[in-house]
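Here is the structure we will look at, set down as structure tokens.
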Amino acid sequence: MFSAAVDDALDAGKRSALDAHLVGCADCRRELDRFRQTVALVQALPPERAPAGFVDRVVARARPAPWPARLVRGLFVPWTKLPLEAAAILLVGGLAVWVFQRTPEQQQSAHLEQAPPRVEAPAHVEPFVPPADVPVPAAPAPPSAAAVPPETTPIERAPADVRERGSEAQAPRVRQESREAPSADNQAPRDAIEKRKPESPPQARSAARALSAPGPADVSGRLTMDDPRGGATALEDVVRRFGGSVAASRADGDAHLVELTVPRDRYPDFAREIARLGRWQAEADAASLPETVRVRIRLTR
Amino acid sequence: MRESVPDPPGFVQRLRAGDPGAFEELVRAYQHRVFGVAVRMLGNAAEAEEIAQEVFLRVHRSVGEFRGEAKLSTWLYAITSRLCLNRLASAERRHRRAGAEALADVPASDTGGGLEHDEVETALRQAIAALPEERRIVVVLRDVEGLSYDEIATALNLEPGTVRSRLHRARLDLKAKLERFLP
């Protein structure tokens with residue numbers, strides 16, 4: 001009540017009651033007096049003054065920086081906040097992409113590695129169906145068709161646990177899809193490479209693809225003749241006549257080794273023709289040959 | 001104790017419109033009040049100027065959000081009080097300074113009152129500095145800056161009863177410390 005009394009904040013009733021008490025109580029009169037003096041001392045403190053130049057300093061800080069400084073700050077400050085490691089990773093990654101894009105050999109190599117060894121025509125890809133013996137837990141409701149991006153494959157839409165269980169069966173299928181439906185991002189540079197390559201007959205391109213893939217020849221045989229080296233030259237002429245191409249031709253001691261490809265529909269005639277060059281012994285089943293037949297012939301005396 | 005003055009008419013509108021002249025007028029008019037509260041709360045002139053500058057910069061940035069329901073001066077005192085209390089609550093500052101020593105380096109204004117007056121003023125400053133922070137801010141706003149109970153309640157976001165209670169306890173603390181100077 002003393003505080004309110006000192007501040008004249010008592011209502012009339014309380015003020016009268018206090019005055020009535022103070023008339024008969026010397027201690028309270030003395031205490032109130034000392035209380036009032038204390039407050040008076042505080043209120044008599046001289047006001048503090050801000051230091052000289054305060055206004056100028058505040059106004060200068062509040063003034064917007066010149067636009068070039070703001071521009072520089074906006075452009076570079078976020079970059080300087082990036083950790084050095086992140087910047088280094090970005091730099092190395094960018095360099096790798098740049099080198100890859102500037103080196104056609106790298107792109108061609110990657111292209112050939114991705115090319116399917118046998119599959120020439122795109123095969124229809126069936127949606128993944130989990131094996132009957134694999135128990136499939138209750139999966140969350142699949143997203144609606146509208147919520148699924150159009151490029152999403154059925155495999156991608158399957159629940160995660162199902163994808164994990166069927167990963168072994170799906171792995172080749174996923175790779176096949178990636179070959180058949182290249183993304184727009186990597187298709188463009190690949191097309192550019194194709195355009196830069198010199199034009200070549202379809203058979204030759206097919207043969208190059210066939211030989212680049214690892215694996216044994218579809219047909220291997222022995223051609224016995226008097227002059228294997230001269231016979232190799234004659235053999236190469238025959239190959240070209242039947243629309244094929246020679247992939248490799250090299251001496252192997254007294255013998256000569258020729259690796260070649262011919263189209264499957266020309267192979268029977270090709271075989272008959274080379275039988276005229278010498279004694280031809282081959283093991284092949286014409287019904288199971290691929291579209292481009294890889295042939296390895298050993299010419300011996 | 002300072003006199004409480006109303007805001008000049010149209011002044012808030014000029015500030016909101018981004019008038020640089022109005023902002024400078026504001027700083028010029030309130031610099032000593034804001035600095036005074038800060039230095040009595042923090043007890044360090046350099047720290048007080050830092051806080052006072054920050055108060056005006058915040059006003060400059062956010063004057064568009066000021067709705068004008070309270071006086072501009074009350075808004076300034078509210079920002080100043082909050083920044084000072086936050087600074088006092090920071091662990092770094094608590095570690096650096098002890099409350100009783102807080103006002104030791106604040107230069108007292110020379111009022112030409114002689115040795116005894118200087119002694120009383122020094123004792124009073126030290127007594128204020130030794131008050132708990134939540135009481136100190138109330139007594140500074142009321143007895144030094146002259147705010148009403150309601151203005152203090154608004155600035156500190158407290159109930160008026162809490163303001164009265166803290167003010168009374170603060171004054172009792174000061175009286176106890178200044179007994180020897182009282183007749």
### Task
Find the residue count for the range A:251-301, including only residues that are hydrophobic (A, V, I, L, M, F, W, C), touching a residue at least 24 places away in the same chain (Cβ under 8 Å) and open to solvent by 20 Å² or more (accessible area, probe 1.4 Å).
5
#### Entry: Any chance residue B:174 is surrounded by fewer than 19 Cβ atoms within 10 Å (Cβ to Cβ), free of Cβ contacts under 8 Å to residues at least 60 places away in the same chain and hydrophobic (A, V, I, L, M, F, W, C)
no
#### Entry: Those residues of the range B:123-146 which are open to solvent by 10 Å² or more (accessible area, probe 1.4 Å), of a type outside the set (Lys, Arg) and more than 11 Å from chain A (Cβ to nearest Cβ), in sequence order
B:126, B:130, B:132, B:133, B:134
### Message
Can you report the number of residues in the range B:138-183 which are within 16 Å of residue A:6 (Cβ to Cβ) and outside any helix (DSSP H, G or I)?
### Response
5
### Task
Go through the range B:164-180 and give me each residue that's within 20 Å of the chain's Cα centre (by Cα) and closer than 17 Å to residue B:119 by Cβ.
B:174
### Message
Of the residues B:80, B:74, only one is polar (S, T, N, Q) and over 20 Å from residue A:59 (Cβ atoms); which?
### Response
B:74
### Query
Can you find a residue in the range B:47-56 that is of a type outside the set (A, V, I, L, M, F, W, C), over 19 Å from residue B:137 (Cβ atoms) and within 14 Å of chain A (Cβ to nearest Cβ)?
yes
### Summary
Selection from the range B:57-81 of residues within 11 Å of chain A (Cβ to nearest Cβ), basic (Lys, Arg) and more than 17 Å from the chain's Cα centre (by Cα) yields B:61
#### Entry: Pairs with Cβ under 6 Å, 6+ apart, first in the range B:7-28 and among the small types (Gly, Ala, Ser), second surrounded by 12 or more Cβ atoms within 10 Å (Cβ to Cβ)
B:22/B:14; B:22/B:15
#### Entry: Selected residue (criterion: nearest to the other protein chains (Cβ to nearest Cβ)) from residues of the range A:27-55 that are under 14 Å from residue B:181 (Cβ atoms) and not in a helix (DSSP H, G or I)
A:45
### Task
Can you tell me which residue among B:159, B:116 is over 24 Å from residue B:32 (Cβ atoms) and at pLDDT below 90?
B:116
### Given (1) surrounded by 12 or more Cβ atoms within 10 Å (Cβ to Cβ); (2) modelled with pLDDT of 75 or more; (3) part of a helix (DSSP H, G or I), index of the condition residue A:96 fails
(1)
### Query
From the set of residues in the range A:56-90 that are closer than 23 Å to residue B:48 by Cβ and assigned to a helix (DSSP H, G or I), which is modelled with the lowest pLDDT?
A:62
### Total residues in the range A:228-248, condition touching a helix residue (DSSP H, G or I) at 6+ places or on another chain (Cβ under 6 Å) and either on the phi > 0 side of the Ramachandran plot or free of Cβ contacts under 8 Å to residues at least 24 places away in the same chain (or both)
2
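The values are calculated or read from the model by the stated rules, or taken from the named source; none is laboratory data. Because the structure is predicted, anything quoted here is derived from the model rather than measured. Reconstructed Cβ throughout: ideal geometry from the backbone, glycine too, with neighbour counts over all protein chains shown. Surface areas here come from the heavy atoms of the whole protein model, side chains and all, with no ligands, DNA or RNA. Shrake-Rupley method; radii C 1.70, N 1.55, O 1.52, S 1.80 Å.
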